[in-house]
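**Student:** Take this structure first; my questions come after.
The values are calculated or read from the model by the stated rules, or taken from the named source; none is laboratory data. Everything numeric here is computed off the predicted structure, so don't read it as measured data. Note that each Cβ is placed from the backbone with ideal geometry, even for glycine, and that neighbours are counted across all protein chains shown.
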Amino acid sequence: MNSKDGTAEIFDMEDARRRRADNGDDAGALLRAAREEQGLSLNEAAAKTHIKERHLEAIEALAADALPARPYAIGFVRAYAEFLDLDADAIVGLFKTGAGFETASPVEAEKFEVAENAEPADKPELSLLAVVCILAFILWCAWQITLPREVRQLGSAPPEAAPVETAVPTPVAPPAEAVVDAVLIERVEPIYPMGCLNSAAAVETVILSLSVTPQGRVAGERIVEASNSCFGEAALIAVRRWKFEPMTVAGRPRSAHDQRFELTFERPL
C-alpha cells in the first residue's frame, strides 16, 4: 500500500513476485520488485533508508550518471538491498555489471608511449670564448693574491677615526605627585546599646567602610562585617561624628574612599 500523496493504492503482490523472478540478473528490477512486493513507494523507502528518492529511482533504473561517485553509489545500493531483505553482495555485483561499474576506466596509452623518433638532447659544448674567459679570470685571481699588502710607516698619520656619536640622554620621568592619606583627628567612641545586652557576647566587633570628603567629613559609611548585627546602628552613629585630616595629592585635598575601621563593644560590668 502506498501513502505518498495520502491516498491508498493496492499493489498486485503476485505480479511483483513474478517480475522479480523474471529479472534475476537486473539489480534495479529486483530492487523495484522487492519494494513493490512490500507495498512501499519510493518516497517511503527514501524516508526509511535516508537515501534521496531521486537516488533510489536512479538505482532501480541503473542510471549511473544520475548517482554520486562510485563508492557512494555502491554504498546506497548495499543499504537499499539490506533494507529490502535481499542478498546485498549479490545485488551489488549485479548492479556493478548492469551500471557499467565493472568496466575499468580507459587509459590513454599515448601518455605512456615513448617517442621512438625522439632525438637525444645535444650535449653542451664549451665555446672557445668561454674557455678564454675562464682562463683570464684564473690569472686575475692569481695576480691579486701576489700583490703586497699596504704597510703604514711609523710616524705617519693614523687613519681618520670614525666620528663618535653623542649619546642622547634618556628623558627622566617627572616625579610622581605626593599622596598623603587621610588621618583621623577626632574619634567618638560608640555607646553600648543596652537593648543588645541579652544577645551579646563579652566582646562584639563591627567593621565599617567609609569615605572621607575633601573637607574631612565622613560620607558613604556602611557596615562590612559585624559579629552581632544588633551593634551596627550604634557603630554608624559614632563614625558619623568623626573628623579627619583629608587626603591630599600634590598638596590639594581629595576624597578618600573605602577607609575601613573596626569598632569594639565590651559588655559593661
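**Student:** If you go through segment 244-269, how many residues are loosely packed, with under 15 Cβ neighbours inside 10 Å and either within 13 Å of Val183 (Cα to Cα) or not hydroxyl-bearing (Ser, Thr, Tyr) (or both)? Full working, then the answer.
**Tutor:** Within segment 244-269, the first condition is being loosely packed, with under 15 Cβ neighbours inside 10 Å, and the residues that meet it are 249-252, 255, 257-258, 260, 262, 264, 266-269.
In the following step, the residues that additionally are either within 13 Å of Val183 (Cα to Cα) or not hydroxyl-bearing (Ser, Thr, Tyr) (or both) were identified as 249-252, 255, 257-258, 260, 262, 266-269.
Counting residues in segment 244-269 that are loosely packed, with under 15 Cβ neighbours inside 10 Å and either within 13 Å of Val183 (Cα to Cα) or not hydroxyl-bearing (Ser, Thr, Tyr) (or both) gives 13.
**Student:** Looking only at segment 161-178, decide whether some residue is part of a loop (DSSP other than H, G, I, E, B), surrounded by 10 or more Cβ atoms within 10 Å (Cβ to Cβ) and at pLDDT 65 or above.
**Tutor:** Just the residues of segment 161-178 that are part of a loop (DSSP other than H, G, I, E, B), to begin with: 161-178.
Checking which are surrounded by 10 or more Cβ atoms within 10 Å (Cβ to Cβ) leaves us with 177.
From what's left, at pLDDT 65 or above: 177.
The answer is yes; a qualifying residue exists.
**Student:** Here is a check on your reading of the model: is Pro253 out of contact with any Lys or Arg (no Cβ under 9 Å at 6 or more places or on another chain) and in a loop (DSSP other than H, G, I, E, B)? Walk me through how you get there before you give the answer.
**Tutor:** Numbers: out of contact with any Lys or Arg (no Cβ under 9 Å at 6 or more places or on another chain): yes; in a loop (DSSP other than H, G, I, E, B): no.
When the stated conditions are applied, Pro253 does not pass them.
**Student:** Here is a further query. Give segment 199-218 a look and list any residue that's surrounded by 15 or more Cβ atoms within 10 Å (Cβ to Cβ) and among the polar types (S, T, N, Q), or say none.
**Tutor:** Hits for segment 199-218 are Thr205, Ser209, Ser211, Thr213.
**Student:** Within segment 200-210, can one find any residue that is of a type in the set (Asp, Glu) and under 17 Å from Met247 (Cα atoms)? Please lay out each step first, then the result.
**Tutor:** Start the filter on segment 200-210 by keeping residues that are of a type in the set (Asp, Glu), which leaves 204.
From what is left, the residues that are under 17 Å from Met247 (Cα atoms) are none.
No.
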